[in-house]
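For reference, the structure discussed in these notes is given below.
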Amino acid sequence: MAAAVPAAAAPSAPPRSEGPRREGRRDKRGGGSEKSLFQSVVQQKRVAVPNLRAALDDDLEEDFEAALAGVALDDLITASTPARADAPIEPGTRLTGTVLSIGADTAFIDLGERRQGALKLAGLDLELVPSVGDVLQLSAGLRNEDDGLYDVAFANRAVAVEDWSQLQAGMIVEARVTAANKGGLECEVAGLRGFMPASLVSTWRVENLEEMVGQTLDSLVTDIVPAARRLVLSRRAVIEKQAAEAKTKLLETLEVGTTLDGIVRSVRDFGAFVDIGEGVEGLVHVSQLSWDRVANPADVLQAGQRVRVVVKKIDHDTGKIGLSARDLVESPWQRAGEKYHVGGTVRGVVSRIAQFGAFVKLEPGIEGLVHVSELANRHVRSVGDVVKEGEPVECRVLAIDPEEQRMSLSIKALVAPSAAVDVDDEAGESAPVEETPPPVVKKHSGVLKGGTGRVGGKSAGEKFGLKW
C-alpha cells in the first residue's frame with residue numbers, strides 16, 4: 001500500500017510546448033532565417049549592367065588609350081581578319097583587275113583575293129598604257145612561283161610563254177607564221193613548233209596563205225600534247241571572241257543615225273555585209289544600196305571595197321545591225337513635188353510590168369505607176385499587150401505624194417478618143433458617117449446537090465422508080 005502511494009503521488013512530467021516546435025519545423029521546411037540571410041547577401045553583391053553608350057570610367061579610358069597608342073584602326077581591322085588562301089587562277093581566265101602601280105616596263109595589277117598580276121607594257125601603244133587606278137579587262141596566264149605574280153595581258157591578247165610547261169589549252173599566245181602549206185600554217189610559239197589548220201586561220205576564207213608568212217598572230221591554244229610535241233592553234237577563235245566582245249560593247253554605245261566607215265566583206269543577192277570595225281558586221285540590204293532600183297548588188301559593191309554607211313536599225317536581242325548607203329545621198333523625192341505637178345506631161349521608160357499595171361522610171365530613184373485601167377481607152381486583158389519593158393512612154397501625172405514616194409500616171413489620158421459618130425469636113429459642116437452596105441449574095445442557078453435537081457428531064461428519084 002505504501003509502495004503504491006509514492007508511485008501514485010509521483011509528480012507528472014511537464015507538458016510539451018507545441019508552439020515553438022511547430023515554428024521550428026516551418027522554418028526548416030522554408031529555409032528559415034538561413035535563406036533570408038543568403039538572399040540579403042546576394043542582393044548586396046549585385047552589379048548594375050553597364051551601358052554601352054555611357055562613357056568609360058577615367059581609369060579604364062586611360063588604359064584603353066594606352067593600349068591603342070600608335071595603332072591605326074584600319075590596321076587593327078585588317079590584322080584581325082584571317083588571311084584567306086588565294087584560289088589559283090586557270091590560264092586563259094578572263095578577269096577584272098585594278099592597276100596598283102606602274103614600273104619601267106611592267107604594270108602591277110590587283111586581281112582580288114590577295115592575288116596580284118604583272119602586265120608587260122613593252123610594245124604597247126601609248127594610248128593603251130594604263131594609269132594607276134584604272135580598271136582593266138584581262139586574261140590570266142601562269143603564276144610565277146618566284147614572286148607569286150600572275151602573267152596577265154589585255155583581254156583576248158597573247159600571254160608570254162617560254163616552254164611547254166607554261167602552255168595550256170585555252171591560253172592565247174603569240175604565234176609567228178614560219179611557213180604555209182595546203183593544210184594551213186606552220187607556226188612558232190616561243191621556240192616551240194605549232195600548226196594552225198586553214199579553217200582556223202580566219203573567220204573568212206583566206207585565198208593565199210603564203211601572204212601570212214612572217215606575221216605574228218594572236219592565237220588560241222586548242223590542243224596540246226607535250227609528249228608528242230603537238231601544238232594546235234586557232235586564230236579564228238581569237239577573232240570570234242574579240243568580235244563577240246566588241247559587238248556587245250558596240251551595241252551598248254551604237255545609236256541609230258550614226259555614220260561609219262566600213263569594208264565590204266561579202267556580197268549576196270539580198271545585199272552586202274559590211275565590217276564597221278573590230279570584226280562587227282552589218283547588212284546593207286539591196287533596197288538600201290541606192291535610191292535607184294538595184295537588180296544585182298554586185299553591180300554596186302565589191303568585196304574589199306571601202307564604203308560609208310549609216311546605222312539604220314539595231315536589234316539588241318539578236319545583235320543584228322541594219323545599215324544604209326543611200327541615206328547619205330539626198331533623196332530625189334525631196335524635190336519631186338517641185339519638179340512634177342498634177343496634170344503635167346512626163347516622159348519615162350517602162351522599168352517593170354506587173355499584173356496591176358506598169359512602172360515607169362522618170363529618173364534615177366523616181367518611178368510612177370500606170371494602173372492597168374490607165375493604159376488605154378479599151379479593156380486591157382494583159383499589161384504586156386499595151387507596153388513592154390524598156391519602151392519609152394509619155395504619161396500624164398494624176399497624183400504625187402513625195403512623203404510616201406508614190407506617183408500615179410496615165411497613158412490613156414494623152415490619147416485622143418476615136419471619132420465614132422461625126423467627122424468634120426473641110427467646110428466645117430458635120431456629115432453623117434456613111435455605113436458600108438452589106439454584100440449582095442447571088443442566088444444559086446446550078447443543079448442542087450443531094451438529088452433534088454432533074455437530070456435529062458427526070459428527077460433523080462424517078463430514075464429509081466420513085467414518084468414524088
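Around Ser410, what is the net charge, scoring Lys/Arg as +1 and Asp/Glu as -1 over all other residues with Cβ under 11 Å from its Cβ?
That sum, taken over residues with Cβ under 11 Å, equals 0.
Can you tell me the length gained on complete extension of the stretch Asp292 to Asp385, counting 0.36 nm per residue apart and subtracting the Cα distance?
Gain on stretching Asp292 to Asp385: 30.8 nm.
Could you tell me how many cubic angstrom of Cα convex hull volume segment 303-422 has per residue?
Enclosed volume per residue, from the Cα hull, is 167 Å³.
According to a simple spin-label model (label point 7 Å from Cα along Cα-to-Cβ), what is the distance in nm between Asn144 and Thr203?
The two pseudo-label positions are separated by 3.5 nm.
Under 11 Å from the Cβ of Asp292, count the other residues' Cβ atoms, weight Lys and Arg +1, Asp and Glu -1, and hand me the total.
Taking every Cβ under 11 Å from that of Asp292, the sum is 0.
Within 10 Å of each residue's Cβ, count the other Cβ atoms and sort His371, His379, His316 from fewest upward.
His379, His316, His371
Sorted from largest down, give the three principal axis spans of the alpha carbons of segment 254-328, whole angstrom values.
Largest to smallest, the principal-axis extents are 30, 22, 21 Å.
Can you list which of the GluC sites (Glu not before Pro) found in segment 256-361 are DSSP loop residues with at most 12 other C-beta atoms within 10 Å? Display every interim value, and only then the final one.
On the way: sites: Glu278, Glu281, Glu330, Glu338; in loops: Glu278, Glu330.
For GluC sites (Glu not before Pro) across segment 256-361 that sit outside H, G, I, E and B with at most 12 neighbouring Cβ atoms in 10 Å, the list reads Glu330.
What translational diffusion coefficient, in µm²/s and rounded to a whole number, does the Stokes-Einstein relation yield for segment 174-234 at 20 °C and a viscosity of 1.002 mPa s, taking the hydrodynamic radius as the Kirkwood radius over Cα pairs?
The Stokes-Einstein estimate is 187 µm²/s.
Can you pull the one-decimal nm distance between simple spin-label points at Leu414 and Glu394, each 7 Å off the Cα toward Cβ?
A separation of 0.5 nm, rounded to one decimal place.
Radius of gyration and Dmax for segment 201-315's Cα atoms, expressed in Å?
17.8, 63
Give a quick list of chymotrypsin sites (Phe, Trp or Tyr not before Pro) in segment 267-305 that DSSP marks as loop, anything other than H, G, I, E or B, with at most 13 other Cβ atoms within 10 Å.
Details: sites: Phe270, Phe273, Trp291; in loops: Phe270, Trp291.
Within segment 267-305, the qualifying chymotrypsin sites (Phe, Trp or Tyr not before Pro) (loop, at most 13 other Cβ atoms within 10 Å) are Phe270.
Quick one: go through segment 377-410 and flag any residue whose amide nitrogen is under 19 Å from the point 7 Å out along the Cα-to-Cβ line of Glu338.
400-406
Based on alpha-carbon positions alone, could you give the equivalent ellipsoid semi-axes of segment 94-154 from the gyration tensor, as √(5λ), descending, whole Å?
17, 13, 11
Can you put Asp134, Asp110 in order of Cβ neighbours within 10 angstrom, beginning with the fewest?
Asp134, Asp110
Rule-based calculations on the coordinates, nothing more; no lab input. Because the structure is a prediction, the values reported are computed rather than measured. Because the Cβ atoms are built from the backbone with ideal geometry, glycine has one as well, and the counts that use them run over all protein chains shown.
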